[in-house]
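Some notes on the structure that comes next.
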Amino acid sequence: MGRPRVLSGVQPTGALHLGNWLGAIRNWVDLQNDHDTFFCVVDLHAVTVPHDPQRLAHDTLTTAALYLACGLDPEKSTVFVQSQVAAHSELCWLLNCITPLNWLERMIQFKEKALKQGDNVSVGLLDYPVLMAADILLYDADLVPVGEDQKQHLELARDIAQQRINARFGSEETPVLKVPKPMILKEGARVMSLTDGRSKMSKSDPNEGSRITLLDPPELITKKIKKAKTDPERGLEFGNPDRPETDNLLGLYALLSGKGREAAAQECADMGWGQFKPLLAEATVAALEPIQQRYKAFMDDRSQLEAVLRNGRERASAVAEANVQRVRRSMGFLSPS
Ligand code: AMP
Ligand code: TRP
C-alpha cells in the first residue's frame with residue numbers, strides 16, 4: 001500500500017480569498033508530506049456560468065501561481081490544469097450516462113447558482129457535480145480536502161462510484177473505481193462574509209468588501225476589516241448564535257495570528273471593536289505577506305510556472321488515461337486495436 005492519494009481543486013474564477021485558503025488550500029500544503037497529492041485548477045468548471053474568454057487563461061495561470069505561493073511544492077505535488085487532461089471530459093460523459101437526473105436537480109449549490117442565473121442556466125451548471133466526480137474518480141483519490149459547502153458533491157461522487165459504476169460494472173472483489181472520502185477540517189471550513197456573518201465568503205458576492213482576497217494590498221485589507229459588520233456589544237466570544245459576525249472575525253483572528261481559538265478568545269474577551277479590528281488587520285496582512293511575495297516572483301518569471309504545469313499535466317495524464325480506460329473497458333466499449 002502506497003501513501004493515500006489526495007485530489008482537490010479550485011475554480012479560476014476571480015481572486016482566491018481567505019475562505020479558499022483557510023478552508024481548502026492551507027490543508028493541501030500539510031497533506032503533501034505524507035500523501036500522494038494531486039491539485040488542479042478546475043477551469044472546465046469555471047465555464048459552467050457565463051465567463052469572459054479574455055480572462056480565463058490569465059485567471060487559470062494566476063490561480064496556479066497562488067497554489068504555489070501558498071506552499072504547494074511541485075516536487076511533492078502534481079499541480080495541473082483540468083482542461084489540459086482530456087480524460088476529465090471523457091469520464092464526465094461516461095458518468096453522465098449513468099447518473100440519474102434527479103440526483104443533480106437536488107444539489108443545493110446548483111439550486112443556488114441557478115437562481116442567480118435567471119433563465120440562462122446551462123446544462124453544464126447542472127452537470128457540474130458529475131464533472132467534479134470525474135475529477136476525483138479519475139485519480140482513485142482516497143481523500144478530498146474541501147470546505148463544508150462541497151460535502152454534498154462529495155456524497156454524489158461516492159454514490160456514483162459505488163452504486164452506479166461498481167455495483168453495475170464491477171464486482172465486489174474487483175471494484176472499477178475507488179470510493180473517495182471527504183476531508184473537511186473544522187477550523188476554517190466555513191469562513192463567513194465580512195458584511196454578513198450568516199453567508200459564506202464567496203468569490204461571486206458582488207460586494208468586494210465582503211471578502212479579503214489573497215492579493216489584496218495591506219491598505220485595502222485594513223480598510224475592509226475596518227468596515228466589516230460588527231454588533232454593538234463589547235468583548236468578543238465564540239459560539240453566540242446571535243453574534244455570527246463576532247464568531248467569524250474572532251475565528252479569523254485565531255487562525256491568521258496562529259494563536260488558536262482558546263488563546264484568541266481569552267485575549268479578546270474584553271476588547272472593544274476599536275481595539276480588535278486593527279489587531280485582526282495586522283494579523284491578516286502579516287499572514288498574507290509571504291504569499292504575496294512568492295506570488296509576485298512566480299508571475300515575474302512565467303517560465304518556471306509553465307514548466308510546473310507542463311510537468312503536472314504529464315504526470316496527471318498518465319494516471320487519468322489508465323483509469324478512464326479501465327472504466328471504458330468495464331462498460332463494454334470496443335478497445336482500440
Ligand atoms: P470555490 O471558490 O467555490 O471554487 O471553492 C474552492 C474551495 O474553497 C472549496 O474547497 C471550497 O469548499 C472552499 N471554500 C470556498 N469558500 C469558502 C469559505 N467561505 N469558507 C471555507 N471554505 C471555502
Ligand atoms: N466544486 C469545487 C468547489 O467549488 C471545485 C472542484 C472541482 C473540486 N473539482 C473538484 C474540489 C475535485 C475537489 C475535488 O470548491
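The values are calculated or read from the model by the stated rules, or taken from the named source; none is laboratory data. Treat the numbers as computed from the prediction; the structure is a model and nothing was measured. Here the Cβ positions follow ideal geometry from the backbone for every residue, glycine too, while neighbour counts run over all protein chains shown.
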Would you call residue 75 more than 16 Å from the chain's Cα centre (by Cα), surrounded by fewer than 16 Cβ atoms within 10 Å (Cβ to Cβ) and modelled with pLDDT under 95? no
Among the residues of segment 194-208, are any more than 14 Å from ligand 1 (Cβ to nearest atom) and either over 21 Å from residue 109 (Cβ atoms) or touching an Asp or Glu at 6+ places or on another chain (Cβ under 8 Å) (or both)? yes
If we keep just the residues of segment 180-215 that are part of a strand (DSSP E or B) and charged (D, E, K, R), which is nearest to residue 229 (Cα to Cα)? 200
Being touching a strand residue (DSSP E or B) at 6+ places or on another chain (Cβ under 9 Å) and either more than 16 Å from ligand 1 (Cβ to nearest atom) or closer than 27 Å to residue 329 by Cα (or both): is that true of residue 128 here? no
So the check is Cβ under 8 Å with 6+ separation or different chains; which pairs have a first residue in segment 139-153 that's touching a residue at least 12 places away in the same chain (Cβ under 8 Å) and in a loop (DSSP other than H, G, I, E, B) and a second one that's aliphatic (A, V, I, L, M) and within 9 Å of ligand 1 (Cβ to nearest atom)? 146/24; 146/184; 147/24; 147/184; 147/189
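Scan segment 40-58 for residues that are within 14 Å of ligand 2 (Cβ to nearest atom) and part of a helix (DSSP H, G or I) and report the count.
Of the residues in that region, 4 qualify.
Considering segment 296-327 alone, what residues qualify as being among the charged types (D, E, K, R) and either in contact (Cβ under 8 Å) with a residue 40 or more places away in the chain or buried (at least 18 other Cβ atoms within 10 Å of the Cβ) (or both)?
Scanning segment 296-327 gives 302, 313, 315, 321, 326.
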Identify, please: which residue in segment 213-236 is among the polar types (S, T, N, Q) and touching a residue at least 60 places away in the same chain (Cβ under 8 Å) and is, among those, nearest to residue 31 (Cα to Cα)? 213
Restricting segment 89-114 to residues that are within 16 Å of ligand 1 (Cβ to nearest atom) and not in a loop (DSSP other than H, G, I, E, B), which is surrounded by the most Cβ atoms within 10 Å (Cβ to Cβ)? 110
In segment 165-179, what residues are assigned to a loop (DSSP other than H, G, I, E, B) and either surrounded by 16 or more Cβ atoms within 10 Å (Cβ to Cβ) or among the β-branched types (Val, Ile, Thr) (or both)? 170, 174, 175, 176, 177, 178, 179
Could you please find all residues in segment 1-55 being of a type in the set (Val, Ile, Thr) and within 8 Å of ligand 1 (Cβ to nearest atom)? 10, 13, 25, 42
Is it the case that residue 139 is crowded, with 21+ Cβ neighbours inside 10 Å, closer than 15 Å to residue 105 by Cβ and either within 13 Å of ligand 1 (Cβ to nearest atom) or not basic (Lys, Arg) (or both)? no
Within segment 71-79, is there a residue that is assigned to a helix (DSSP H, G or I) and under 25 Å from residue 29 (Cα atoms)? no
Note on segment 194-212: residues of a type outside the set (Lys, Arg), crowded, with 20+ Cβ neighbours inside 10 Å and touching a residue at least 60 places away in the same chain (Cβ under 8 Å) are 201, 212
I'm checking my understanding of the structure. Among residues of segment 154-164 that are touching a residue at least 40 places away in the same chain (Cβ under 8 Å) and away from ligand 1 (no atom under 16 Å from the Cβ), which one is surrounded by the most Cβ atoms within 10 Å (Cβ to Cβ)? 160
